[in-house]
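Below you'll find the structure, written out as structure tokens, and then a few comments.
Only the coordinates and a few stated rules stand behind these numbers; no lab work does. Only a predicted model underlies this, so the values are computations on that prediction, with no experimental measurement involved. When we count neighbours, we look across all protein chains shown, and the Cβ atoms used for this are built from the backbone with ideal geometry, even at glycine.
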Amino acid sequence: MRLFRNISIFLVLSSLTGVFTPVFGQGNLLVTPRRVVFDGSRRVMELNLANTGQEAARYNISFVQYRMTEDGAFEEITEPDPGQFFADKHLRFFPRNIFLEPSESQTVRMQVLGRERLEPGEYRSHVYFRAVPDELALGEIDPDADTTAVSIRLIPIFGITIPVIIQVGENTTKVSILDLGLTKDEEGQTYLGFTFNRSGNMSVYGDITVTHVAPNGMETRVGIVNGIAVYTPNTIRKFQLQLAEEGIDYQSGKLLVTYTAQSDVRPQTYASAQLDLP
């Protein structure tokens, strides 16, 4: 009697934001907006999911919890750290799974529950959009395969997560930029490192811009990074970015670093700092 064993191993691959490219006909998923913030009296928001690939795809939607480390990485957790509050039990969303044809889109509706009963502060969870792999139909076996052997299929399961935040009460958060310094790698590329110092009851999220000011006053933008967060309960985040090299003398002048809110309507500078160059 011949024995055939087909063992499927699912590899979970996820990213915190952005677009991912699944294989095995799972399509490409684009989620907008890339973060959801219920601030003020806002109770309902909508997410738009679009399949930008060439294959139909199915996704399950759930919540996961993360902590942010001092270097900006994320670690999955099941219990909140001291001073951290999860948002999932205060949220409702529909639908919980979707099927999208190529170029098709669908809306996921999210609602805050019992906001008036929440204590002031910030509550954060992450919505997880998990691709559901296609099932292999029974009997789909290579007729030339050795049926006495054990067959293993590695099936990547791709996913994407975005933060969902509920902010209640007055925002007392402040942030400063400290410990600025330049380093070079083995190839001579220049990097600027610094530390965010956050205080207060809520997270901060914005864009970093670095400008080189030459001794003659000429200003050149040498670095920009969008969408940088320091999440509660963290008080520190260490950050490093690569600077432009062409035509810039990092032995003279100064560097100006600004951290600003992502808003064209109400531009706000969270923090700024200056590094005098030797």
Relative exposure of S41, S272, S62, judged by other C-beta atoms within 10 Å (fewest first): S41, S272, S62
Using a simple spin-label model with points 7 Å from Cα along the Cα→Cβ vector, what separation in nm is obtained for T172 and Q111? 3.3 nm
Only sites in a loop by DSSP and with at most 11 other Cβ atoms within 10 Å count here; which GluC sites (Glu not before Pro) in region 178-223 make the cut? E186, E187
What nm distance separates the two modelled labels at Q54 and F99, each placed 7 Å from Cα along Cα→Cβ? 2.3 nm
Using a Förster radius of 41 Å, what is the FRET efficiency between S252 and R43 based on their Cβ-Cβ separation? Nearest 0.05, please. 0.15
Measure off 7 Å from each Cα along the Cα-to-Cβ vector at S263 and I224, then give the distance between these two points in nanometres to one decimal. 2.0 nm
Ranked from fewest to most other Cβ atoms within 10 Å of their own Cβ, T220, T269, T78 fall in the order T78, T269, T220
Once you list every other residue whose beta carbon is under 14 Å from the beta carbon of I166, what net charge do they have if Lys and Arg are +1 and Asp and Glu are -1? +3
At a Cα cut-off below 29 Å, give the lysines reachable from K184, other chains included and same-chain residues fewer than 8 away excluded. K238, K254
